[in-house]
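Below: one structure, written as structure tokens.
The values are calculated or read from the model by the stated rules, or taken from the named source; none is laboratory data. Predicted model only: the values in this text are computed from it and were never measured. Reconstructed Cβ throughout: ideal geometry from the backbone, glycine too, with neighbour counts over all protein chains shown.
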């Protein structure tokens, strides 16, 4: 099924009334959408955990959406919140390579860009963005990230700390 | 393969646990907050009585302006809390700041006038009277405070610490609005310092206690 805004919003509205068939279809579509959304922005080994955590959050917080509002910007806000939380909890990713396959999203490119994780990361100063991308997403060690960026190890740590703090306050920013 | 299976199992479990929910509506949140604020105001008036000049059909401009500013701040902060409870990329959470900046004129003016007068700001009587407004205004905030915290708990605020702070500002501003219906003092030094202190104290309380209740 196409994970487009109108379909997802309709399924979500039905789910809020307790329609299990619609809910199963919604969760299935959201799962696929979230995999695309998070791909390349989380260590592959963590992807499944993060997608599942986000589905649980969607379930627990499903009353916080109402049918007068668009669905994907709501889902993306929940996904960003879980993502930042995940990065904060993560010390060292086990896996270094990234998924090569790019999972496409069916949404309008303009909306997808506005609600993307890249857009959120891009709001950070370049030094902080780079430190977080290398250590928290690609899984480099502090020493490796220090070499790659030319930042001292202390600065890499400071940049990660400050950057994550800032991200947590910018979840809903476009 | 196992990952896919565990995702399928999770989805099956979530679907099995689906219950109908009532979506959080902005209007419902506003109505509930206004009802809590109105009830708090009614309790203040019932327990302590209305200002004597109002009973005599007179009004004081300083009191009207200050009370109106607190009410404006309370409404703006409530709107922000309700917006924060329903996450959406592109939402603006900054509206309350302008109202806060305008209401901040009161403590600033109060301090300037107080320092300029150079006496009685720390006098025992004004401290006692101020402390009373702080305590009772704070108490009059608690119902709105609990209401907003419960609302945020049902919602999904993505910045729990800020949401707690703004909920405290809203509750404190409604609380001192309610107590202003009784407090007969029209002095800018008293209003600016002690009445604003209620907002500050509740903001601190909200920031310290609400985030742990609403984090998800």
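Taking the listed residues B:77, B:99, the one that is farther than 19 Å from residue B:24 by Cα and either within 14 Å of chain A (Cβ to nearest Cβ) or modelled with pLDDT of 95 or more (or both) is B:99, with no other qualifying.
Is there a residue in the stretch B:170-185 that is modelled with pLDDT of 95 or more and within 30 Å of residue A:58 (Cβ to Cβ)? There is at least one residue in the stretch B:170-185 that is modelled with pLDDT of 95 or more and within 30 Å of residue A:58 (Cβ to Cβ). Residues that are in contact with a helix residue (DSSP H, G or I) (Cβ under 6 Å, 6 or more places away or on another chain) and at pLDDT 95 or above are absent from the stretch B:47-59 altogether. When the residues of the stretch A:1-24 are filtered to those that are in contact (Cβ under 8 Å) with a residue 12 or more places away in the chain and closer than 16 Å to residue A:57 by Cα, the one that is farthest from the other protein chains (Cβ to nearest Cβ) is A:12. Of all residues in the stretch A:25-76, which are outside any helix (DSSP H, G or I) and more than 9 Å from every other protein chain (Cβ to nearest Cβ)? Result: A:39, A:40, A:41, A:42, A:43, A:71. Among the residues of this structure, residue B:72 does not count as one that is in contact (Cβ under 8 Å) with a residue 12 or more places away in the chain and within 14 Å of chain A (Cβ to nearest Cβ). Number of residues in the stretch B:14-54 that are at the interface with another protein chain (Cβ under 9 Å from one of its Cβ atoms) and either touching a strand residue (DSSP E or B) at 6+ places or on another chain (Cβ under 6 Å) or surrounded by fewer than 16 Cβ atoms within 10 Å (Cβ to Cβ) (or both): the value is 7.
Taking the criterion of being within 27 Å of residue B:121 (Cα to Cα) and surrounded by fewer than 24 Cβ atoms within 10 Å (Cβ to Cβ), the residues of the stretch B:193-216 that qualify are B:193, B:197, B:200, B:201, B:203, B:204, B:205.
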